[in-house]
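Student: Could you have a look at this structure, given as structure tokens, before my questions?
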Amino acid sequence: MSSAEPVALGLPAMPGRPLAPRRVSRRLQVGPVAVGGDAPISVQSMTTTVTADIGATLQQIAELTASGCQIVRVACPSQDDADALPVIAKKSQIPVIADIHFQPKYVFAAIDAGCAAVRVNPGNIRQFDDKVKEIARAASDAGVPIRIGVNAGSLDKRLLEKYGKATPEALVESALWECSLFEEHGFRDIKISVKHNDPVVMVNAYRQLAAQCDYPLHLGVTEAGPAFQGTIKSAVAFGALLSEGIGDTIRVSLSAPPAEEVKVGIQILESLNLRQRRLEIVSCPSCGRAQVDVYKLADEVTAGLEGMEVPLRVAVMGCVVNGPGEAREADLGVASGNGKGQIFVKGEVIKTVPESKIVETLIDEAMNIARRMEDEGVPSGTPDVTVG
């Protein structure tokens with residue numbers, strides 16, 4: 001069979017059945033993005049720029065948007081930051097949440113600025129409880145939801161005295177207490193987060209919270225750490241909760257560029273069948289049986305297909321034990337050995353090429369498949385093709 005002959009592709013399968021039904025929660029709108037209810041789980045991140053630097057902040061928001069971020073949060077610790085919010089909220093392509101600490105007046109500024117939502121941290125806003133009525137009225141009139149964001153590192157002193165430390169029970173009590181204050185004024189357009197840097201504490205807190213209310217929940221392991229550690233901690237915690245149907249939005253907190261947070265978050269959702277999978281590279285870990293440099297091949301194929309949006313599984317395999325089987329099961333694959341590679345498309349061997357041509361051939365075939373998917377009405381991005 002030649003590569004020029006048609007290959008039956010068909011429409012991509014939708015994500016498989018999730019591990020558990022979604023928890024029933026209220027539905028609210030963060031700008032155009034639906035949150036809670038049966039809405040898809042959305043991925044958030046937060047800018048690292050000084051919000052008052054409008055140009056730099058909008059540039060980072062654009063980068064986050066391009067990486068797949070659906071909602072972005074910006075810090076608002078000063079009046080200059082508050083003054084920048086109207087322009088940022090207007091020009092951002094995705095909904096902007098203002099992150100408010102310490103000063104209640106910035107909550108009102110964010111609502112007036114047209115932000116899609118406001119995050120407040122009750123534990124460190126002075127006299128916050130006294131301002132709830134005014135905040136509820138302003139948010140209700142503007143149709144702006146409030147995220148009550150409780151963090152282990154800034155828990156209300158009253159609860160620290162009661163529990164001794166930031167236990168799951170303390171985090172949950174803090175969040176539900178603040179919700180009750182809003183509820184007294186008829187405001188229920190609320191999303192909750194109860195973040196902790198320990199995944200075990202965090203998971204237990206969200207489980208308790210999910211059992212005690214029907215508000216949508218924003219998942220996060222706060223101060224998760226550098227990229228590798230933070231990715232592991234977030235994946236473990238999110239995986240545990242999302243597999244139980246708990247969670248409506250997520251943010252992976254990494255000491256890394258925000259776009260990396262988004263990539264990790266998207267991958268977590270795809271891995272749990274909670275989002276349509278895009279490009280997926282299946283590659284072996286290599287071993288003494290491998291007769292090619294699997295690491296190099298996988299890296300080069302990944303780089304060559306960066307940006308591809310079609311749901312395509314590409315197998316890069318290095319030996320004759322598992323290689324043919326994995327390559328045959330993938331949409332596109334190679335089983336390598338003895339200085340050459342068998343190229344599979346939808347389970348059929350279409351050609352055998354020298355090792356030096358494997359990457360180039362896989363990229364060409366991936367582009368062919370992407371074009372056919374586009375012809376069949378499957379949206380796709382345009383990969384940035386680079387070889388070697």
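The values are calculated or read from the model by the stated rules, or taken from the named source; none is laboratory data. Keep in mind the model is a prediction, meaning the values are calculated, not measured. In this analysis, Cβ positions are derived from the backbone assuming ideal geometry, glycine residues included, and neighbour counts consider all displayed protein chains. SASA here: full protein model, heavy atoms, side chains in, ligands and nucleic acids out. Shrake-Rupley method; radii C 1.70, N 1.55, O 1.52, S 1.80 Å.
Student: Could you pull out the residue among Tyr206, Tyr163 that is in contact with a Gly (Cβ under 8 Å, 6 or more places away or on another chain) and farther than 22 Å from Ser67 by Cα?
Tutor: Every option except Tyr206 fails the conditions.
Student: When the residues of the stretch 23-42 are narrowed to those that are of a type in the set (A, V, I, L, M) and touching a Leu at 6+ places or on another chain (Cβ under 7 Å), which ends up surrounded by the fewest Cβ atoms within 10 Å (Cβ to Cβ)?
Tutor: Ile41
Student: Any idea which residue in the stretch 133-154 is most open to solvent (accessible area, probe 1.4 Å), counting only those that are under 10 Å from Val194 (Cβ atoms) and of a type in the set (A, V, I, L, M, F, W, C)?
Tutor: Result: Ala152.
Student: Right, here's the next one. Hey, any hits in the stretch 106-113 for a residue that's within 27 Å of Ala256 (Cα to Cα) and open to solvent by 40 Å² or more (accessible area, probe 1.4 Å)?
Tutor: Checked the stretch 106-113: no residue is within 27 Å of Ala256 (Cα to Cα) and open to solvent by 40 Å² or more (accessible area, probe 1.4 Å).
Student: Then there's this: Does the stretch 222-241 hold any residues that are within 18 Å of Leu272 (Cα to Cα) and open to solvent by less than 10 Å² (accessible area, probe 1.4 Å), and which are they?
Tutor: Ser234, Ala237, Phe238, Leu241
Student: Take the residues of the stretch 205-236 that are aliphatic (A, V, I, L, M) and in contact with a Leu (Cβ under 8 Å, 6 or more places away or on another chain): which is nearest to Arg26 (Cα to Cα)?
Tutor: Ranking the qualifying residues of the stretch 205-236, first place goes to Leu217.
Student: What residue, of Ala327, Ala315, is surrounded by 19 or more Cβ atoms within 10 Å (Cβ to Cβ), touching a Phe, Trp or Tyr at 6+ places or on another chain (Cβ under 7 Å) and over 11 Å from Ile358 (Cβ atoms)?
Tutor: From the options Ala327, Ala315, the qualifying one is Ala327.
Student: Still on this model: Determine the pairs where a residue that is in the same structural domain as Ile148 (by the TED database), located within the stretch 199-217, has a partner that is polar (S, T, N, Q) with Cβ atoms under 6 Å apart, the partner being 6 or more residues away or on another chain.
Tutor: Asp214/Ser25; Pro216/Ser25
Student: Sticking with this one: With the requirement that a residue be under 20 Å from Val221 (Cα atoms), in a helix (DSSP H, G or I) and of a type in the set (A, V, I, L, M, F, W, C), what does the stretch 160-194 give you?
Tutor: Within the stretch 160-194, Leu160, Ala170, Leu171, Val172, Ala175, Leu176 meet the criteria.
Student: So in the stretch 330-372, with the set limited to residues that are crowded, with 19+ Cβ neighbours inside 10 Å and in a loop (DSSP other than H, G, I, E, B), which one is modelled with the highest pLDDT?
Tutor: Asp331
Student: Restrict the check to the stretch 311-329 and report whether at least one residue is at pLDDT below 85 and among the basic types (Lys, Arg).
Tutor: Looking through the stretch 311-329, none of the residues is at pLDDT below 85 and among the basic types (Lys, Arg).
Student: Testing Ser180 on (1) open to solvent by less than 50 Å² (accessible area, probe 1.4 Å); (2) more than 27 Å from Arg137 (Cβ to Cβ), one condition comes back false. Which one is that?
Tutor: Ser180 satisfies all of (1) open to solvent by less than 50 Å² (accessible area, probe 1.4 Å); (2) more than 27 Å from Arg137 (Cβ to Cβ) except (2).
Student: Which one of the conditions (1) farther than 30 Å from Arg23 by Cα; (2) crowded, with 23+ Cβ neighbours inside 10 Å; (3) under 16 Å from the mean Cα position of the chain (by Cα) does Leu64 fail to meet, given that it meets all the rest?
Tutor: With respect to (1) farther than 30 Å from Arg23 by Cα; (2) crowded, with 23+ Cβ neighbours inside 10 Å; (3) under 16 Å from the mean Cα position of the chain (by Cα), Leu64 is out only on (1).
Student: I've got another one for you. On the basis of being in contact with a Phe, Trp or Tyr (Cβ under 7 Å, 6 or more places away or on another chain), under 25 Å from Ala240 (Cα atoms) and of a type outside the set (Gly, Ala, Ser), does Ile190 make the cut?
Tutor: Answer is yes for this residue.
Student: Could we say that Val172 is aliphatic (A, V, I, L, M), at pLDDT 95 or above, open to solvent by 50 Å² or more (accessible area, probe 1.4 Å) and within 27 Å of Val236 (Cα to Cα) here?
Tutor: no
Student: I'm trying to understand the selection: among the residues of the stretch 164-198, which are aromatic (Phe, Trp, Tyr) and within 22 Å of Ala34 (Cβ to Cβ)?
Tutor: Matches in the stretch 164-198: Phe182, Phe187.
Student: Now for a separate question. Go through the stretch 53-88 residue by residue and tally those that are without any contact (Cβ under 8 Å) to a residue 60 or more places away in the chain, in contact with a strand residue (DSSP E or B) (Cβ under 7 Å, 6 or more places away or on another chain) and assigned to a helix (DSSP H, G or I).
Tutor: Of the residues in that region, 5 qualify.
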